[in-house]
Amino acid sequence: MARAARCGRCGRGALLAVAAWTAGWVLVAALLLRAHPGVLSERCTDEKSRRILAALCRDYLGGWLMGDLCEDLCVAGELLYQRCLYYERGKKVLQAQWRGRPVVLKSKREAFSSFPALGLLEAEAGQGTQGVRDAELLLMVAAEVKNALGLELSNSSMGPLWPGHRGPGWRQQLASAWSLLQQEEYVYFSLLQDLSRHVLPVLGSCGHFYVVEYLAAGSPHHSALFPLDEAAPQSGRAQDKAISRIALSFLDMVSHFENDFSHRLHLCDIKPENFAIRSDFTVVAIDVDMAFFEPKMREILEQNCTGDEDCNFFDCFSKCDLRINRCGAQRVNSNLQVICDKIFHRWFCSSPRSPAVSWPLRLQLQQAVRECAGSAGLAWSSWGVAPQVFWKLRRLLQATLKELQDAEE
């Protein structure tokens, strides 16, 4: 009996070891997929993109979904597909022309049916949604926003997210709005479009696809990271002026995201591809799938750890408290620090600068960018602790722009 008991314990121990080993590899695989999403990215094709939009229109014409752009897409031919931009982890991003204007259609998932339905509400409402009170629906919307963004919004703040008037097709509007609410980026764009010039506004939607303005994304393959041909044709000095203006706009965005909302907005995936530049050199965040307000950021960072490397969530870093093996909830780097490291360093430290800018000024700007990028020891997450680098960069960029302008006169 004792021997049998020992064997049983050995068997259970082996099963526990295998389970732990499996869980460990599942975690490693998940982290690798997060770090390298292209591993499971589908091939982006026109044929499949057209099939996706055809299915969307069938659902619209069949009375399953609605949206203010469905008629233009499915009936009037005013919203015309042009090309597939990319598929990534299920997300579909397609370029189109809307009444002559270039736009982008986005959805986190391919099919409308793949989004969770309002099953509980339908059960309560019986044959329709008229039996469900607006207050109950708003509570569900608020809960969804709290889950996605970590924010508690007042009813008056949720207007862009919810159909306000009951009438013909209200049930389809409700289902469509619910599918959009499952997409964090849509929620960010909708809530911030009237509050920030540094994010894309939502132009409309059809079912689970939302439409935003098309702006050419940056790329590490561009010499200036962003396509500046129209803004700075043939002229190195014109390109340097454009870069200085864009850098100042990045600083404006950093200050705006730090100070102008009820909570700090953290960008955890900073790279040229996630930004675009308007014709007036304003920086616009065109992909905010990895943006988090402070409450959600703290929730993400506060995890178990055995070292600081376990507390790095893409571009957002925390530190491991080895006394309790727990990551701190406070981010220890900043949006500006990552922008200095990944974008400003390329512009001001790695590439030759215009001779129209004096050598002392170029040297000061290089030193300021290196100080900013290497300032992990500073408590950047508290804006009031280390603002000097921000203001130094701003002053030097303004001086650089003035020297370039003076050289043209």
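The values are calculated or read from the model by the stated rules, or taken from the named source; none is laboratory data. Please read all numbers here as calculations on a predicted model, not as lab measurements. Cβ: placed from backbone, ideal geometry, glycine included. Neighbour counts: every protein chain shown. Side chains are part of the model used for accessible areas, which takes the heavy atoms of the whole protein and leaves out ligands, DNA and RNA. Shrake-Rupley method; radii C 1.70, N 1.55, O 1.52, S 1.80 Å.
Ranking of L80, L248, L56 by solvent-accessible surface, largest first: L80, L248, L56 (1.4 Å probe, protein heavy atoms only, all chains present). Couplings 3J(HN,Hα) for region 297-306, derived from phi with the Karplus relation 6.51 cos²θ - 1.76 cosθ + 1.60 (θ = phi - 60°), are 4, 5, 5, 5, 6, 6, 10, 5, 7, 10 Hz, where x marks Gly and Pro.
The value given for region 200-338 is a Kirkwood hydrodynamic radius of 17.0 Å, derived from the mean inverse Cα-Cα separation. Once all protein chains are placed together, R326 keeps about 80 Å² accessible to a 1.4 angstrom probe. For R326, the residues 5 or more places off, or on other chains, whose built amide H falls under 5 Å of its own are C305, D321. Projected label points at E408 and A143, each 7 Å from Cα along the beta carbon direction, are separated by 5.7 nanometres. Normalised by the number of residues in region 199-313, the mean separation of alpha-carbon contacts (under 8 Å, six or more apart) gives a relative contact order of 24 percent. Candidate cross-link partners of K48 among the lysines, defined by an alpha-carbon separation under 23 Å and a same-chain spacing of 8 or more, comprise K91, K92, K106, K108. Accessible surface area normalised per residue over region 152-191 is 41 Å², counting heavy atoms of protein chains with a 1.4 Å rolling probe.
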